[in-house]
Every structure is written in structure tokens, then in C-alpha cells.
Amino acid sequence: MRRAALSALLSHWRRQPLQLFTLLAGLALATALWSAVQAINAEARRSYDAAAGTLGLGAYETLGDPAGRIPLATFAALRRAGWPVAPILEGRLLVAGERLHVLGIEPISAPVENLPAGLGPDSDLTPADLFLPPGLGFAAPETIAALDGAPDLPRLIADPALPPGQLVTDIAVADRMLEAGGDLDRLLLLPGAPEGTPGEIAPALRRTAPQDQGDLSRLTDSFHLNLTAFGLLSFAVGLFIVHGTIGLAFEQRRPIFRTLRALGLPLGTLLSLLLAELLLLALLAGALGIALGYLIAGALLPDVAATLRGLYGASLPGTLAFDPVWALSGLGIALAGALVAAAHGLDKIRRMPLLASAQPRAWTTVSARALRRQAAAGAALLLAGVAAPLLADGLLAGFALLGGLLLGAALLLPLLLSAALSLGAARARRAAAQWFWADTRQQLPGLSLALMALLLALATNIGVSTMVSSFRLTFTGWLDQRLVSQLYVTAPSESEAARLRDWLKGRADFLPIWKVDLPLHDAPGELYGISDNPVYRSHWPLIDAAPDAWDQFFANEGVLVNEQLARRNGFAPGDPVTLGPGWVLPLAGTYSDYGNPNGQALVSLPLMLQHHPEVPRLRHGLLTDDIPGLTAALHDDFGLPRANLINNETLKATSLQIFDRTFTVTAALNVLTLSVAGFAILTALLTLSTMRLPQLAPLWALGMTRRRLARLEILRSLALAALTFTVALPVGLALAWCLLAVVNVEAFGWRLPMFLFPRQWLLLFGLALLAALIAAFLPVRRLARTEPSHFLKVFADER
Amino acid sequence: MNARCLALLAALAAGPACAQGYAGLGTRAEGFAIPSPDTRLSFPDDHGPHPEYRIEWWYLTANLTDAAGTDYGIQWTLFRSALAPFEAEGWASPQIWLGNAGLSTPTEHYAAERLARGGTGLAGATAQPFEAWIDDWRMASTAMTGDQLDALSLTANGDGFAYDLALTANGPLVPQGIDGYSVKSREGQASHYYSQPFYDITGTLSLPSGPVEVTGQGWLDREYSSQPLSETQDGWDWISLHLDSGAKLMGFRLRDRESAAFTSATWIAPDGTPTPYRDGALTMTPATDAEPPTGWQIDLPAQDLSVQLDAINPKSWMPLTFPYWEGPVRVTGSHQGRGYLEMTGYPAPE
């Protein structure tokens, strides 16, 4: 009996392969997006843990010579004295018109975590490839493309995890390219190194603390929370699909259920059979989803890695490790999702009277009261979301606001649509038009879940792209302003720097860019000293300042700090800022400093030199109208290596490149969510179309052609998409505001102005219509091809 | 394959993957010098490096005892491996150096390794004055007269151990094989190989429990080649024995996947006179089921030798990037004594 019942239940899927596909695809897609995000987060967390303290080369204490490079013999002497040190040689080069940051590491002694992924366990590279000329170089794919055809380069291997413009290579290759003559820039102090400085073995060397990684997991938390939110959203959208399909499958099988029950199958058995079937399908879809998620995560990870490195300096491998725990959690969420989606249907079967009519009907009807109840819940969610940031601080409150806004709006959508359709119906005069509006309203309950999904996707899309575009616009403008110098030069040593300053007299104004790294209010920070030059007053915008901020600043009576530091500590102009033991200055003003995870403070140059006379004085910004002339003179007359010069155009281009890569992941997730929503509409329409024959048959009988009916169906789909977009637009803009003014401030410490991009909306509107059109196409084609005999059957079969 | 592994493979002549270990070791020798039976050893020059050969080592083992009679063993090895047959100054050098150090007590075993590029001064060797070093590990001549290798100082350290020893030779340098030309397979692979097996040693071992004063006997092997193994050979078992009679025995067995193992031996009389034996004269048979076998039956009928070797610490596995077993052994049977056993090409013990 049980076997017969099960085969009767399963036969449904044989007859409805499309439905089976929809169910599996929906659940698989939802699981895929959710688990892709989880995989990325897990990978990141794993590498933070594994790296604890060894994040990037910057995580090591280093030995360096303030006066310049370190001779190879000094390095050898240290090693022979038992100091575990690994050499680093780096520099900038102009190759094929591209600025290249050459980072020479010594693969034999460098910490394994910092070696390019290309040297990983699966590499088929040989020692000869690595150590014999031409050697190997690792760089981002776009960097390799830009270097195409340049002579004297090592064999290039793409490594998407590397920042653009960087070439990581063996120190022998770097030595050749940079003509360093064996000299080194710094020595990493590896675990087990003695305390203090080497003393008489290498008296010139100074010990430098690890480059402030700060609390990396705290910094990156916000980024991962962002990703998780996206994953959850996608999963929710996917569940809408599954809910729709399972509901339909249950509804269509009502006759089977009734027959089975009438034949004596106990209710409990029926329910457990259905549950078993559901679990089977969920496992299948879950496995598919995990495979798909793994692929998605693998494809996105290099960009995530680049983002994390660009924003926070956290290093992440560009490849994904497979983790069974992650896979199990993916299966778990697929199962849970399927159960949640099926709970309603199972409950209905439990309560179905044994002799109830087996006639299929629209599987869900929503009374006006239910609609109002849902809308009330939506309004409550909206309010709760708005209240969250008022009641609590932190990123979670920001996300609560986002969640409340999105879900609240989604729940309100059916009521809003219903009202809009009533309005349309009230204005309609002709019978066909009146039927059109009324019928659309009648279909609303079946479609509302899909439309809610669409609303979520559209609003997220608008919100996120407005945020990204606003950020980019602000960032570009800010770069234009902030890069006050036309040329940036770094002298190879202190003596060369002094000679450079002499040489520049009468040729160009220069701005010292001298900084020390130090903790600022218990967090990693950096302190710059700047000279009194009018360009600062005109080019360094202050977002919050005392009235005479610059005067106070250059009178050595104030400090300027970046927005991050000010927000983190709640500074307002006039507040005391501690810059070191016993050194406190009042805050003169705050400036924007996008993309910097650390706190930063500026003081006037005399103050800097008074408190930190040891500050390295190598970097300078030059003010000139003749960039090529001065560049040539610096190189030819002064003898500065080209590697030590960079102009602000190149700097700007590099910054924007990093910025754009940062948001590749966001864009990809955006597109994926929208596709899932499109899929949700398709399934909903397919579901409805199979049940609509009885409603369309009378119209056909009254003389409306199948073509006309089909056209109206398409029109309905478009109208609903358009209406949903109308609601999504304000929701999306509110979302963007939240992201810019609440989430960004909490996550990164800076607030951005919001700009509107109507052209983007238009594009998205077109996309929404296109999605609706594509989704409507299949059911409509089916309708247009329905045999007249089928329409007739409706009347014949009517009871 | 990480870069360490890459480097190590380089250090022991490139193979396609780390996992393959000792199989196919050094079967290619493009551009490198090939050992020749006509070449004669020349000292002190040959104490220094031979960059034109692919691989080379300075390999010292010692059987030591403390005042209470507890057995210890130490190993100090410097490998040189060339990616190309020349030396150059600075980072352009194609030479890679690998240091291995081990210390065995009856219950504990310590191992450490160092890696460095040639041309940089981090590691290397010089013939006169003799010195071989990598980082702060050092083997240097302290000889005032005679051969550079007649007296040495030796230091190394690693996690949990260090040693500082003084070595004095009381016998001559001994060429292995025929005048220092040591054949390694039936296809004719060979190396240049000589030893100083006559060291008396005093010094200090530093252990977690504190310093230990020790005395004992040491054996230095110098060997260089470009293709020491044939393609089907995948590991070796090597012994150096100090017999109580004052005689010494060097023997090795190269295991072959396709045919019988290739063996070779040199009997060294107490006055240093070597008697080399060709393939088959020496038999080495595992006497335990352990893998790698830490007990052996050794027979050299030509010298009426039939002895049993037992590891002083069977857990003398060197768990380094390129792992192998190496530790002191006790000799019993027709002869008594102590010695060292090295076994390569075995899977790591559980």
C-alpha cells in the first residue's frame, strides 16, 4: 500500500516535468547563492585564522635602514648570526607605459602564506622555472594584459588575487629588473627572531613594528555582513519560488490525495510519504545548489580577495578550499527552506476533509482581510526598521533598518497593487478592459509572492547601484581634489632626499609627505606633518571644521583628523586629540579619507619634527605646471630613478581601478538576485496558466481570439512588473540612503552624499519589463496554441 | 607543491613531484659534469664545492656517549644542488643549499633544516681554510697542520636541541669505490666519494633537560655527482660502522623496482687501507617487519663479517620537507661496535 501510494504521488512529477524542474531549480538557486556567500565568508574567516598575525608581508616586524637599501652582505651576516630573516626587494618601474610595482620575494625563506597561489600544491612549475632566467612573475590578469609584449620580463602567470599593477617575483628577477645590485629594501623578522636590534652585526638597521593590520576581523566584519545579507536576500527570493511550486504541486494532487485517503491510506502515512518525497527533492536540489554555489563562490572569490586586500589589506587566497561542514550546512538550509515552503501545504492536507471536493482551484486565495493583515504587518516592520537605528547603534541596527524597509515594503506590495488595480478598474469603460483589470486583480494572490520577490530584487538593485555610483562619483571628485601635487617622488635615501630638496629650489615647490605610524586613540593610525602651503587651504576640503581651522592648524595649535578617526571617537572640533604620550592638541577639523581603514591625523610640519625628529624624510609631492619637463629633469639632470617618480594621473587611475574591482562582487550578486526574481515570476505565471483555462474559456466562447487573449496576458504581465517597479523605486532609494548614511558610516566610518542616476533606473525598468516579458512568454505561447477543443472541454466537463 | 618543496626538489635534483621523493633522483644531467673513473681526487681543492656537478654533500654522523654511558647520535649535513652547472655572485646563482641536522637519544629524536640560495653568502663551502655553513650552522677546519679535515669544529641547532663539537681525525682520508669513483648502479651511474671515518669527538649537546658532555666517534662523507641513481632505483639503505677492532665498514644497498638491489661496500682497515667490494659482495637484509626496517642483518663473507644492527632509537625519522630515517645503531654478532644507518625512499611511519 505504502509503495503504491508513493508511486501514485511521484507519478505527478513524471506528468509535470516542468514543475519538477522549477522546484529543483528554485531550491537549487536559492541554496547556491546562500552557500556561495557562506563559502566565501568561511574561506575568508579561515584565512584570517590561519594567518592570525601573518596577514600579508606587512604583518611582520621588519628590519630596515632609514638611510636606504640594505647590502646583501649585511643580510648574510644576520643570517649567519642566527637571525631568521627573509629579504624583500621592491620598487616601481615604468614598463610598456604601465607603472609596475615590482615585489621581489625570496621563495625559499619567505613565509609560505605570502607566496603567490601559483606556487601552491597543484603547481607543475619546476625549480628551474622559478630560479633560472627568465624566472616567473605573478600578476593580476589585467596587469599581464597591459604588459603584453614588453621585453625583459619574467614568464608571467596570472594570479587574480594580486592587486592590479603589482608584479610578485623571485628576488633574483626583481634584482635584475630594478638593477638593485643585490641590495635589499627590508628584512622580514620571522618567528623566533631575537628581541631588539642586531647591534654591531648591522648597526644601521632599525626595527619597524608590523604594519598596522588593526583588528582585521572587526574591520572586515562589515564586509562579510554585507555579503551575508545579500545571501539571505537571495535565499528568501528563492524560497518564494519553492513555496509557489510546492503549493501548486499539492493543489494539483488533491484528487490523488482524496482517492488515496478514500482507499484507506491513513493521514499520518500520507503526510509522512509527502514529507519523505519533499526531503528527497530537497536533498537533490540541495546537492545541486551546493555544486552551483561552489562554482559561483570560486568565480567570485578572486574579486572578494582583491576587495579585502584593497580595502583592509587582508590577504586571502584566490582559490576556494572545499569544506564538508560548509556543504552540510548548505544541505541543511535547503532542507529547512523546503520544509518552511511546504509547511502551509502540508497543514492544508492535514485539515482537508476526507470527502472534500477534489476539484482543483486556484491554490491560494487571499481575502481582503488577509491582505489588510499582511499590509499591517508590513507597516509594522517598516516602523521597526526605522526605529532600530534610533534605539541601537552599530552595523546590526543598520541592517535591521534595511531588512525592515525591504520586507515591510514587500508585504505592503499586494495591497498597493490591489489598490492600483482597483483604480484602473474604476476608470475602465469597455467590457474587455473591465475584465482585464478585474481578472488581473483576481490573479494577484497567486502572483503576489513572485512580485514581492521582484520588488526585493529591484529595490536592492536600485539601492546598491545608487550607493556604488554615488560612492564612485564622490571618490573621483575627492581624488581630483586630494591629489594636490602633480608629481610624487621618493628619494632612495635621506642624503639623496636632502640633495633633492636643494635641487628643487627655484625649480618647483614641494610638499613633504612625511609620516610615522603610531597608535591613535588605541587603534592603528598614521601621523603626517604638512608644510604651510596655500594649496592645502584650497584643495583639502574639511567636512567639519572650526571657523579658523587652517589658521589654528598652521599656528601649531590644532590637529586635523580623518573622518574615520573622528567618528570612531565621536570627536567634534575643539575636542582634545591625543597624538602621543603627553601630546594633546585640540581638533581643528575633519576631512574625508575614503578607502583608508586606519585613523589618520595631520599636524603642521614643525610640530611633527619636534615630536618625531626621526621621521623618514623621503617622500615629497611636487607642484609644477610642466609635468613631463620636470619628470625628465629629475631623471636626466638629478639622476632620480624613474621608479621613484609617480604622477597623479597614474595614481588616480590605479585608485579607481582598485575601487571598481571592489564592487565587482556586488554587481555580480545584483544580477544573480534579479535573475532569481525573474525566475520566480516565470514559475508563478506557469503555475497560474495551468489553472486559468476555465476562466479564459468563456471569453473565448464570447468571441475573443486566442491571439487577443495572449496579448492581454502579456500586457498584464508587463503592467504588474511596471507597477512593482513603481513601488520598488522609492524603496530602492530609501535603501540607498540607508547604505550611504547609516551602514557605510557604521562599516567604514565615512558618510557619503547621495546622487540620483535616473538613467540607471530607466535601464532597470527596461530590464524588469524584459524579465516579465520573458517570464510571460512560455505560458502565453502555450495559451496561443491551446486547441479549441480544450476550451470546449471546459464547458463539457463543467459540473 | 609549494616553493619549499620546489626548492628542496631542486636541492636533490629535480623530479616531477615531491611525493615521488627519491625515485628518479638525478636521472637527468644536462650540461653537468659526469663523474669519471679517470678523475683523481685532489686535496684540499676537493673539500670545497664542485658547482659543475648537480649534487654534492658534506655529511657527518657521530656516535656519542655521555659519562653515564647513554648513547647519542648526531647528524650534520649540507647538501648543494645546482639548477645549472655554474656558480654566480648574488641572487643570480643557480646553486641551492640545504642543511639537515639531527640529534638522537635513546628516547627522543630532534631534526631541523635550513635552506638558502648560493651566491649570497648565506650558505656555501670553501676548501682552504675549510668551512661549510648554512645560516648559523657551521663545520670549520681547526687543523693547524696536515689536511684541512684533520680537525673540525661543528655546530648546529634547531627546535629543542643544539650541539657544539670538536673533532680530531686519527687516521687518513679514505677514497670509496675505485680511487674515489663509486659506482651506484649496474647501468654505471656513479659518484666521486671519499670519507674521513676516523674522528674522535668531544663536545656538548644542548637538550631541553640541560647540557650533556659527550665523547665518541665521527664519520664524514664527501660525495658529488650529477646522476647518482638509475631510473628504476627509488631509495637506498646506507650504513657506516665503527667496529671495536678499529676497522670501519661503509655499505649501501640501492633498491630497484625492477631488479635485485645494488650493493656496494668498502672495508677500511684500522690503518685506513680500503678494500672496495663490488655489487653482491655485501648483503643487507631487513631483520624486522618495521617500515622502514630499524633492524638489519649485514653479511660481508669476504671479511667474515655477519652482524646484526639495531637502532638505538627506532623513532629516528627526520620529518623534514624531504623525509627519511637516520639514526645511530648498535652492532652485535661476529663484530661489535656502533654506527649510523640512513634509509631513504620509505613512506613516513605512522
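Key figures for this structure:
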{"quantity": "Evaluation of residue B:163 against (1) at negative phi; (2) within 14 Å of chain A (Cβ to nearest Cβ); (3) touching a strand residue (DSSP E or B) at 6+ places or on another chain (Cβ under 7 Å) (one fails), failing number", "calculated": "(2)"}
{"quantity": "Single residue of A:547, A:519, A:524, A:492 found to be part of a loop (DSSP other than H, G, I, E, B) and more than 30 Å from residue A:633 (Cβ to Cβ)", "calculated": "A:547"}
{"quantity": "Residue satisfying all of: in region A:755-799; over 28 Å from the mean Cα position of the chain (by Cα) and of a type in the set (Phe, Trp, Tyr); nearest to residue A:677 (Cα to Cα) among these", "calculated": "A:777"}
{"quantity": "One residue from A:324, A:317, A:266, A:255 being open to solvent by 40 Å² or more (accessible area, probe 1.4 Å) and modelled with pLDDT of 85 or more", "calculated": "A:266"}
{"quantity": "Complete set of residues in region B:158-172 that are open to solvent by 30 Å² or more (accessible area, probe 1.4 Å) and in contact with a Gly (Cβ under 8 Å, 6 or more places away or on another chain)", "calculated": "B:164, B:166, B:172"}
{"quantity": "Boolean, residue B:114 is within 21 Å of residue B:196 (Cβ to Cβ), touching a strand residue (DSSP E or B) at 6+ places or on another chain (Cβ under 7 Å) and within 13 Å of chain A (Cβ to nearest Cβ)", "calculated": "no"}
{"quantity": "Which numbered condition residue A:174 fails, given (1) within 30 Å of residue A:297 (Cα to Cα); (2) among the aliphatic types (A, V, I, L, M); (3) in contact (Cβ under 8 Å) with a residue 12 or more places away in the chain", "calculated": "(1)"}
{"quantity": "Top-ranked residue of region A:743-771 - restricted to ones that are surrounded by 14 or more Cβ atoms within 10 Å (Cβ to Cβ) and not hydrophobic (A, V, I, L, M, F, W, C), ranked as nearest to residue A:457 (Cα to Cα)", "calculated": "A:760"}
{"quantity": "Residue match in region A:147-164 (condition: within 11 Å of chain B (Cβ to nearest Cβ) and over 22 Å from residue B:90 (Cα atoms))", "calculated": "no"}
{"quantity": "Single unsatisfied condition, residue B:175 versus (1) over 18 Å from the mean Cα position of the chain (by Cα); (2) open to solvent by 10 Å² or more (accessible area, probe 1.4 Å)", "calculated": "(1)"}
{"quantity": "Any pair with Cβ under 6 angstrom, 6 or more apart, that starts in region A:684-705 at a residue that is farther than 15 Å from residue A:251 by Cβ and ends at one that is at pLDDT below 80 and open to solvent by less than 40 Å² (accessible area, probe 1.4 Å)", "calculated": "A:685/A:775; A:685/A:779; A:697/A:791; A:697/A:794; A:700/A:791"}
{"quantity": "Scope region B:281-297; condition open to solvent by less than 50 Å² (accessible area, probe 1.4 Å) and closer than 19 Å to residue B:184 by Cβ; matching residues", "calculated": "B:281, B:282, B:284"}
{"quantity": "Enumeration of residues in region A:607-645 that are within 30 Å of residue A:524 (Cα to Cα) and touching a helix residue (DSSP H, G or I) at 6+ places or on another chain (Cβ under 9 Å)", "calculated": "A:615, A:616, A:617, A:618, A:619, A:620, A:621, A:622, A:643, A:644, A:645"}
{"quantity": "Top-ranked residue of region A:84-114 - restricted to ones that are open to solvent by 20 Å² or more (accessible area, probe 1.4 Å) and assigned to a loop (DSSP other than H, G, I, E, B), ranked as farthest from the other protein chains (Cβ to nearest Cβ)", "calculated": "A:97"}
{"quantity": "Residues of region B:244-262 that turn out to be at pLDDT 95 or above and among the hydroxyl-bearing types (Ser, Thr, Tyr), as a count", "calculated": "1"}
{"quantity": "Residue list for region A:165-184, restricted to those being open to solvent by less than 30 Å² (accessible area, probe 1.4 Å), outside any helix (DSSP H, G or I), within 14 Å of chain B (Cβ to nearest Cβ) and at pLDDT below 90", "calculated": "A:168, A:180, A:182"}
{"quantity": "Selected residue (only one of B:93, B:104 is open to solvent by less than 10 Å² (accessible area, probe 1.4 Å) and in contact (Cβ under 8 Å) with a residue 60 or more places away in the chain)", "calculated": "B:104"}
{"quantity": "Candidate set from region B:303-331 (those that are within 14 Å of residue B:75 (Cα to Cα) and in a strand (DSSP E or B)); member that is most open to solvent (accessible area, probe 1.4 Å)", "calculated": "B:317"}
{"quantity": "Residue under evaluation residue A:63, criteria (1) without any contact (Cβ under 8 Å) to a residue 60 or more places away in the chain; (2) surrounded by 23 or more Cβ atoms within 10 Å (Cβ to Cβ); (3) away from chain B (no Cβ under 14 Å); (4) outside any helix (DSSP H, G or I), criterion not met", "calculated": "(1)"}
{"quantity": "Unique match (being open to solvent by 10 Å² or more (accessible area, probe 1.4 Å), modelled with pLDDT of 70 or more and assigned to a helix (DSSP H, G or I)) among A:129, A:124", "calculated": "A:129"}
{"quantity": "Only listed residue being of a type in the set (A, V, I, L, M), surrounded by fewer than 17 Cβ atoms within 10 Å (Cβ to Cβ) and touching a residue at least 60 places away in the same chain (Cβ under 8 Å), chosen from A:464, A:468, A:489, A:535", "calculated": "A:535"}
{"quantity": "Filter result for residue A:476 (open to solvent by less than 20 Å² (accessible area, probe 1.4 Å) and under 32 Å from the mean Cα position of the chain (by Cα))", "calculated": "no"}
{"quantity": "Search result, residues across region B:267-280 that are open to solvent by less than 30 Å² (accessible area, probe 1.4 Å) and part of a loop (DSSP other than H, G, I, E, B)", "calculated": "B:269, B:272"}
{"quantity": "Checking residue A:602 against (1) surrounded by fewer than 20 Cβ atoms within 10 Å (Cβ to Cβ); (2) touching a helix residue (DSSP H, G or I) at 6+ places or on another chain (Cβ under 8 Å), the condition it does not meet", "calculated": "(1)"}
{"quantity": "Condition check for residue A:250: open to solvent by less than 30 Å² (accessible area, probe 1.4 Å) and within 17 Å of residue A:18 (Cα to Cα)", "calculated": "yes"}
{"quantity": "Residue in region B:126-149 that is within 14 Å of chain A (Cβ to nearest Cβ), buried (at least 22 other Cβ atoms within 10 Å of the Cβ) and more than 17 Å from the chain's Cα centre (by Cα) present", "calculated": "yes"}
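Every residue, every condition in (1) within 15 Å of residue B:124 (Cβ to Cβ); (2) modelled with pLDDT of 90 or more; (3) of a type outside the set (Val, Ile, Thr); (4) surrounded by fewer than 18 Cβ atoms within 10 Å (Cβ to Cβ), yes or no:
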| position | (1), (2), (3), (4) |
| --- | --- |
| B:5 | no, no, yes, no |
| B:15 | no, no, yes, no |
| B:26 | no, no, yes, no |
| B:35 | no, yes, yes, no |
| B:51 | yes, yes, yes, no |
| B:59 | no, yes, yes, no |
| B:65 | no, yes, no, yes |
| B:74 | no, yes, no, no |
| B:97 | yes, yes, yes, no |
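The values are calculated or read from the model by the stated rules, or taken from the named source; none is laboratory data. Quick caveat, the model's predicted, so the values are computed rather than measured. No Cβ is skipped: glycine too gets one built from the backbone with ideal geometry, and neighbour counts run over all protein chains shown. Protein only, heavy atoms only, side chains kept; ligands, DNA and RNA dropped before computing areas. Shrake-Rupley method; radii C 1.70, N 1.55, O 1.52, S 1.80 Å.
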